[in-house]
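Participant: Pasting a structure here, questions to come.
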Amino acid sequence: MRAQPTASHYIDGEYVEDEAGATLQVVYPATGEVIATLHAATPALIERAVAAAKRAQGEWGALRPIERARILRRAHDLVRERNDEIARIESLDTGRAVSETMYVDAVSVAEALEFYSGVIASYNGQSISLGSSFAYTQREPLGVCVGIGAWNYPFQGAGWKSAPALAAGNAMVFKPSENSPLSALLLAEIYRDAGLPNGLFNVLQGFGNVGHALVAHPDTAKVSLTGSVPTGKKVLGLAGSMMKHGTMELGGKSPIIVFDDASIDNAASGVLMANFYSTGQICTNGTRVFLQRAIHDQMVEKITERTRNIKIGDPFDPSVTMGPLVSQAQQSKVRSYIDIGKEEGAVLHYGGGIPNMQGMEGGFWIEPTIFTQVTDNMRLAREEIFGPVMSILAFDTEEEVIARANDTEFGLAGGVFTQDIARGHRVAKRLEAGMVWINNYNLAPVEVPFGGVKSSGVGRECATAALDHYTQIKSVYVEADQVVSVF
Ligand code: NAD
């Protein structure tokens with residue numbers, strides 16, 4: 001199976017190769033097979049991409065927003081047309097099952113393009129009355145923005161960053177994760193075919209050092225990173241030292257709280273989706289599952305029964321619901337946390353091993369795994385694993401579970417299952433998280449701001465909130481009277 005793109009990079013409207021850059025092997029996670037060989041961007045290509053973006057941005061930023069919207073709207077149509085091709089590349093690159101990638105990845109980017117092409121013409125500043133005088137504000141683009149992606153949802157990452165950035169009049173240089181570099185190139189083709197002028201969306205491949213060089217470049221104004229907390233601290237630190245803007249979408253260890261009045265079936269569905277979708281590789285996952293004591297055993301039984309029905313296998317089999325992990329490194333990390341959980345005294349209730357995958361032995365497989373009797377201070381309950389490892393914790397009271405749920409450096413997301421509407425809102429208000437779901441989990445429609453608090457991030461993606469983070473305000477004071485001078 002090959003998925004070799006035309007070239008590694010996309011700069012100023014064309015595919016570009018420079019074999020002097022470090023080799024980057026693209027591996028199909030289900031088999032371990034190399035499906036493409038790319039090269040990391042050299043310093044000369046980084047210069048070329050930033051210069052192209054800078055040159056193109058001025059004219060683009062000066063267009064009427066409705067003219068920019070027209071191009072994004074065409075890109076939306078093309079993303080939907082190329083849905084199946086995007087899904088195939090996404091499954092090859094990440095190992096995520098086509099039962100997900102056919103319905104989620106291109107769709108969420110199409111919706112982002114649809115949303116921003118719809119709202120940008122009415123995203124305006126304010127007029128501020130000051131008696132006889134007044135002031136107005138304008139939302140100006142920042143200039144050249146850097147997008148840096150994580151590996152779990154690479155097409156979505158590229159789309160969620162570029163759609164609002166471009167709508168607001170910026171240019172973007174996007175660096176995908178070295179683990180899943182292919183689909184951002186498809187997005188570059190789509191923007192080209194939609195009529196986006198050359199230089200406004202560029203893709204550079206590479207490891208962390210390429211991301212670093214882009215953030216450090218004097219001609220870039222902002223970075224939007226999706227990645228882990230340690231990377232986020234480095235990237236925001238560098239951006240801050242140069243007084244650049246930063247949006248950080250980072251990791252989590254989110255709580256999902258099930259009260260004893262919840263619908264057991266519905267809560268079990270939420271808990272499974274919150275832990276095992278995308279083989280557990282979702283930043284917002286509710287990996288600390290707090291079950292109220294009266295329903296603890298019943299819920300564990302239901303969750304286990306439903307987990308048994310998960311079909312692990314060939315990501316291209318439409319009936320498969322769980323593919324492999326993205327890489328060998330991620331598989332080793334997840335296995336080491338399973339060992340840590342056992343050593344810490346948690347009960348390995350389900351899974352924990354490597355399934356026997358005939359014909360796909362070279363893949364990075366792991367069983368969906370459930371630990372029970374987990375306590376708050378275990379590493380299992382404190383650290384982000386980013387794999388299908390669920391920790392179940394018991395609780396007694398609302399007050400207690402809120403304190404325990406908030407006892408973490410992270411603050412990305414949280415969920416609460418209850419039939420008591422007042423309690424749902426009360427708990428949502430008190431959870432220290434950027435996003436809370438009541439009686440559902442992990443839904444991320446583009447109309448709703450997406451992002452974390454505490455160590456989980458700064459800034460927001462999606463909704464008009466993302467536009468706020470891709471623009472800066474200019475205030476203009478208009479005097480309608482005489483200058484009052486003390487001189
Ligand atoms: P990572 O932090 O290892 O890498 C993220 C990206 O940053 C990659 O493209 C990488 O090449 C780049 N990078 C690494 N060091 C850099 C540096 N010094 N300067 C600039 N760029 C650098 O993360 P990952 O392993 O690719 O993804 C998994 C993590 O991402 C998890 O922690 C997960 O929770 C998080 N994530 C967050 C969200 C969100 O929206 N909040 C979404 C998906 C994933």
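Participant: If the Cβ limit is 7 Å and pairs must be 6+ apart or interchain, which residue in the range 320-334 that is away from the ligand (no atom under 13 Å from the Cβ) pairs with which residue that is polar (S, T, N, Q)?
Facilitator: 320/99; 321/99; 322/279; 323/279; 324/279
Participant: Moving to a separate point now. Could you tell me which residue of the range 78-127 is nearest to residue 165 (Cα to Cα), considering only residues that are touching a strand residue (DSSP E or B) at 6+ places or on another chain (Cβ under 6 Å) and without any contact (Cβ under 8 Å) to a residue 60 or more places away in the chain?
Facilitator: 126
Participant: Given the condition more than 24 Å from residue 151 (Cα to Cα) and either crowded, with 21+ Cβ neighbours inside 10 Å or touching a helix residue (DSSP H, G or I) at 6+ places or on another chain (Cβ under 8 Å) (or both), answer yes or no: does some residue in the range 443-460 qualify?
Facilitator: As a first pass, look at the range 443-460 and keep what is more than 24 Å from residue 151 (Cα to Cα): none.
No, that holds for no residue.
Participant: Would you pick out the residues in the range 278-311 that are buried (at least 18 other Cβ atoms within 10 Å of the Cβ) and small (Gly, Ala, Ser)?
Facilitator: Those that are buried (at least 18 other Cβ atoms within 10 Å of the Cβ) and small (Gly, Ala, Ser): 278, 280, 286.
Residues are listed down the side, and each one gets a yes or a no for (1) touching a Phe, Trp or Tyr at 6+ places or on another chain (Cβ under 9 Å); (2) over 30 Å from residue 122 (Cβ atoms); (3) surrounded by fewer than 22 Cβ atoms within 10 Å (Cβ to Cβ); (4) not acidic (Asp, Glu):
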position: 10; (1), (2), (3), (4): yes, yes, no, yes
position: 41; (1), (2), (3), (4): no, yes, no, yes
position: 47; (1), (2), (3), (4): no, yes, yes, no
position: 71; (1), (2), (3), (4): yes, no, yes, yes
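Participant: Are any residues in the range 324-337 out of contact with any helix residue (DSSP H, G or I) (no Cβ under 6 Å at 6 or more places or on another chain), part of a loop (DSSP other than H, G, I, E, B) and either buried (at least 21 other Cβ atoms within 10 Å of the Cβ) or at pLDDT below 95 (or both), and if so, which ones? Spell out how you get there, then give the answer.
Facilitator: Of the residues in the range 324-337, the ones out of contact with any helix residue (DSSP H, G or I) (no Cβ under 6 Å at 6 or more places or on another chain) are 324, 327-337.
Then drop every residue that is not part of a loop (DSSP other than H, G, I, E, B), which leaves 324, 327.
Within the range 324-337, 324 is the sole residue that qualifies.
Participant: Same structure again: What pairs come out if I take residues in the range 458-473 that are on the phi > 0 side of the Ramachandran plot and pair them with residues that are of a type outside the set (Asp, Glu) and in a helix (DSSP H, G or I) whose C-beta lies under 7 Å away, six or more apart or interchain?
Facilitator: Here the result reads 459/469; 462/160, each pair linking the range 458-473 to a residue that is of a type outside the set (Asp, Glu) and in a helix (DSSP H, G or I).
Participant: Take the residues in the range 160-185 that are within 13 Å of the ligand (Cβ to nearest atom) and small (Gly, Ala, Ser), then tell me which one is surrounded by the fewest Cβ atoms within 10 Å (Cβ to Cβ). Spell out the reasoning first.
Facilitator: Step one: filter the range 160-185 for residues within 13 Å of the ligand (Cβ to nearest atom), giving 160-161, 173-181, 184.
Going one step further and asking which of them are small (Gly, Ala, Ser), we end up with 177, 180, 184.
Values: 177: 24, 180: 28, 184: 28.
Applying the filter and picking the extreme gives 177.
Participant: Report whether or not residue 429 is within 16 Å of the ligand (Cβ to nearest atom), of a type outside the set (S, T, N, Q) and under 24 Å from the mean Cα position of the chain (by Cα).
Facilitator: Working: within 16 Å of the ligand (Cβ to nearest atom): no; of a type outside the set (S, T, N, Q): yes; under 24 Å from the mean Cα position of the chain (by Cα): yes.
So residue 429 does not fit the description; no.
Participant: I've got another one for you. For the range 251-269, does any single residue satisfy the condition of being more than 18 Å from residue 142 (Cα to Cα), within 14 Å of the ligand (Cβ to nearest atom) and of a type in the set (Phe, Trp, Tyr)? Before you say what the answer is, go through the steps one by one.
Facilitator: Initial filter on the range 251-269 (more than 18 Å from residue 142 (Cα to Cα)): 251-269.
Within this subset, residues satisfying the condition of being within 14 Å of the ligand (Cβ to nearest atom) are 251-254.
Remaining after also requiring of a type in the set (Phe, Trp, Tyr): none.
No; the residues of the range 251-269 include none that is more than 18 Å from residue 142 (Cα to Cα), within 14 Å of the ligand (Cβ to nearest atom) and of a type in the set (Phe, Trp, Tyr).
Participant: Only one residue in 234, 302 is under 24 Å from residue 413 (Cβ atoms) and within 12 Å of the ligand (Cβ to nearest atom). Which one?
Facilitator: Working: 302 fails: within 12 Å of the ligand (Cβ to nearest atom).
Going through 234, 302 in turn, the sole match is 234.
Participant: Taking the range 153-184 on its own, how many of its residues are over 28 Å from residue 124 (Cβ atoms), part of a helix (DSSP H, G or I), hydrophobic (A, V, I, L, M, F, W, C) and out of contact with any Ser or Thr (no Cβ under 8 Å at 6 or more places or on another chain)?
Facilitator: 1
Participant: Sticking with this one: Anything in the range 124-155 that is away from the ligand (no atom under 16 Å from the Cβ), closer than 22 Å to residue 469 by Cβ and of a type in the set (Ser, Thr, Tyr)? List them, or say none.
Facilitator: Matches in the range 124-155: 136, 137.
Participant: Could I ask something else about it? Do you know which residues across the range 210-228 are near the ligand (Cβ under 8 Å from one of its atoms) and surrounded by fewer than 20 Cβ atoms within 10 Å (Cβ to Cβ)?
Facilitator: Within the range 210-228, 212, 228 meet the criteria.
Participant: Still on this model: Tell me the residue from 22, 40, 30, 53 that is farther than 30 Å from residue 139 by Cα and either touching a strand residue (DSSP E or B) at 6+ places or on another chain (Cβ under 6 Å) or among the β-branched types (Val, Ile, Thr) (or both), please. Spell out the reasoning first.
Facilitator: On the way: 22 fails: either touching a strand residue (DSSP E or B) at 6+ places or on another chain (Cβ under 6 Å) or among the β-branched types (Val, Ile, Thr) (or both); 30 fails: either touching a strand residue (DSSP E or B) at 6+ places or on another chain (Cβ under 6 Å) or among the β-branched types (Val, Ile, Thr) (or both); 53 fails: farther than 30 Å from residue 139 by Cα.
None of the others qualify; the one that does is 40.
Participant: Are any residues in the range 349-388 in contact with a Gly (Cβ under 9 Å, 6 or more places away or on another chain), closer than 21 Å to residue 306 by Cβ and exposed (fewer than 15 other Cβ atoms within 10 Å of the Cβ), and if so, which ones?
Facilitator: The one that is in contact with a Gly (Cβ under 9 Å, 6 or more places away or on another chain), closer than 21 Å to residue 306 by Cβ and exposed (fewer than 15 other Cβ atoms within 10 Å of the Cβ): 373.
Participant: While we're on this one: For the range 186-209: of the residues being in a helix (DSSP H, G or I) and within 16 Å of the ligand (Cβ to nearest atom), which is farthest from residue 24 (Cα to Cα)?
Facilitator: Looking at the filtered set, the residue picked out is 187.
Participant: Hey, another quick one. Given the condition among the small types (Gly, Ala, Ser) and surrounded by fewer than 21 Cβ atoms within 10 Å (Cβ to Cβ), answer yes or no: does some residue in the range 413-426 qualify?
Facilitator: First pass over the range 413-426, keeping only residues among the small types (Gly, Ala, Ser): 413-415, 422, 424.
Next, from what is left, pick out any that are surrounded by fewer than 21 Cβ atoms within 10 Å (Cβ to Cβ): 422, 424.
The answer is yes; a qualifying residue exists.
The values are calculated or read from the model by the stated rules, or taken from the named source; none is laboratory data. Every value quoted in this text rests on a predicted model; they were computed, and no experiment measured them. Every residue, glycine as well, gets a Cβ built from its backbone with ideal geometry; the counts of neighbours run over all protein chains shown.
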